Amino acid sequence: MKSISVAAPWAMPRRAHAYDPRRYHFWRRWVLKPALDWLGMTLFARLGDVQGLEHVPQQGPVLMYYNHIAFVDPLVILHVLPRIDVTPLAKVEAFHYPVIGIFPRMWGAIPVHRGEVDRFAIKATLRALAREEIVLIAPEGTRSPQLLRAKPGLAYFAARARVPLLPVAVEGTEGYPTWPLARRWWQDPKAQVRFGRPFWLHGPERPDAEALQRMTDEAMVILAQMLPPRRRGAYADASLDFRYARWDGPPPWA
């Protein structure tokens, strides 16, 4: 189906078939990424240690998921990723924040209405993966200092789009965003980002709700193992036997 352009890069598309991530690449590469690298990481966070960037594929679709501690977490991840074809999911409220709400609009983030089955977000996410982008998602659905039980949508996207998952552990973003005039630089924590190895979910070709939740829980246990114990929360018992997660390639039906 032919895609339909919206009037301006900061306008929110109203239909999933109108969402085309490629139309945002110019703004990502030449405007937003430089602004994020220079101004955003000065105002919003300080970057510390980054590990595992070698695990990020140079091309191809990836469902990248992370623990969501603070508002700036996705900004930090976008800052360190070498690829610009990254489409985050963000709550629809973030698109209406004063001033900074223009950032998710111009980046081409997918707005999500939480607490309901958002068919627009589902279709737009699958379209982004079909275009071989990285989709960045917080499977808990909200911010929390400790991991919450994740929603099965993570496994649904991986199974439906038949793509690998890549966990990202974020640490040190508590209290951000802060502002230079209101802080002491030497006392600020530094954001730490750790990328894990990509893996596949070898579930049934058409998993039911129970299987999707189990697959999501396995993915979250993998993420929990990358975090300090105080962050693991609902996944503090990281001894779950892996039934579906595999690191040796895609399932036969993918």
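The values are calculated or read from the model by the stated rules, or taken from the named source; none is laboratory data. Only a predicted model underlies this, so the values are computations on that prediction, with no experimental measurement involved. Cβ sites come from the backbone with ideal geometry, for glycine too, and all protein chains shown count toward neighbours.
If only residues of the range 206-229 that are touching a Pro at 6+ places or on another chain (Cβ under 8 Å) and not aliphatic (A, V, I, L, M) are counted, the one that is farthest from Asp49 (Cα to Cα) is Gln213. Selection of the range 124-172 for residues being basic (Lys, Arg) and more than 16 Å from the chain's Cα centre (by Cα) yields Arg131, Arg149, Arg160, Arg162. Residues of the range 134-158 being aliphatic (A, V, I, L, M) and assigned to a helix (DSSP H, G or I), which ones? Those that are aliphatic (A, V, I, L, M) and assigned to a helix (DSSP H, G or I): Leu154, Ala155, Ala158. For the condition under 22 Å from Pro228 (Cβ atoms), surrounded by fewer than 21 Cβ atoms within 10 Å (Cβ to Cβ) and in contact (Cβ under 8 Å) with a residue 40 or more places away in the chain, Val80 qualifies.
Condition check ((1) touching a strand residue (DSSP E or B) at 6+ places or on another chain (Cβ under 9 Å); (2) modelled with pLDDT of 95 or more; (3) within 17 Å of Val62 (Cα to Cα); (4) not in a strand (DSSP E or B)) across all residues:
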{"site": "Gly175", "(1), (2), (3), (4)": "no, no, no, yes"}
{"site": "Trp186", "(1), (2), (3), (4)": "no, no, no, yes"}
{"site": "Pro189", "(1), (2), (3), (4)": "yes, no, no, yes"}
{"site": "Val193", "(1), (2), (3), (4)": "yes, yes, no, no"}
{"site": "Trp200", "(1), (2), (3), (4)": "yes, yes, yes, no"}
{"site": "Glu205", "(1), (2), (3), (4)": "no, no, no, yes"}
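Pairs are defined by a Cβ separation below 7 Å, a sequence spacing of at least 6 or placement on different chains, a first member in the range 237-254 that is outside any loop (DSSP other than H, G, I, E, B) and among the small types (Gly, Ala, Ser), and a second member that is modelled with pLDDT of 80 or more and surrounded by 14 or more Cβ atoms within 10 Å (Cβ to Cβ); the pairs so defined are Ala245/Phe199; Ala245/Leu201; Ala245/Glu218; Ala245/Ala219; Ala245/Ile222. Listed by position, the strands (runs of 3 or more DSSP E) enclosed by the range 33-133 that each have at least 1 residues that are of a type outside the set (Gly, Ala, Ser) and over 23 Å from Leu223 (Cα atoms) are 110-112. Looking only at residues in the range 77-98 that are over 11 Å from the mean Cα position of the chain (by Cα) and β-branched (Val, Ile, Thr), the one that is nearest to Leu166 (Cα to Cα) is Val80. Restricting attention to the range 84-99, the residues that are closer than 25 Å to Gln225 by Cβ and not β-branched (Val, Ile, Thr) total 2. Would you confirm whether or not the range 59-70 contains a residue that is over 21 Å from Gly175 (Cα atoms), of a type in the set (Val, Ile, Thr) and in contact (Cβ under 8 Å) with a residue 60 or more places away in the chain? Looking for residues that are over 21 Å from Gly175 (Cα atoms), of a type in the set (Val, Ile, Thr) and in contact (Cβ under 8 Å) with a residue 60 or more places away in the chain, one finds at least one in the range 59-70, hence yes. On the stretch given as the range 219-236, residues that are in a loop (DSSP other than H, G, I, E, B) and either surrounded by fewer than 18 Cβ atoms within 10 Å (Cβ to Cβ) or among the acidic types (Asp, Glu) (or both) total 3.
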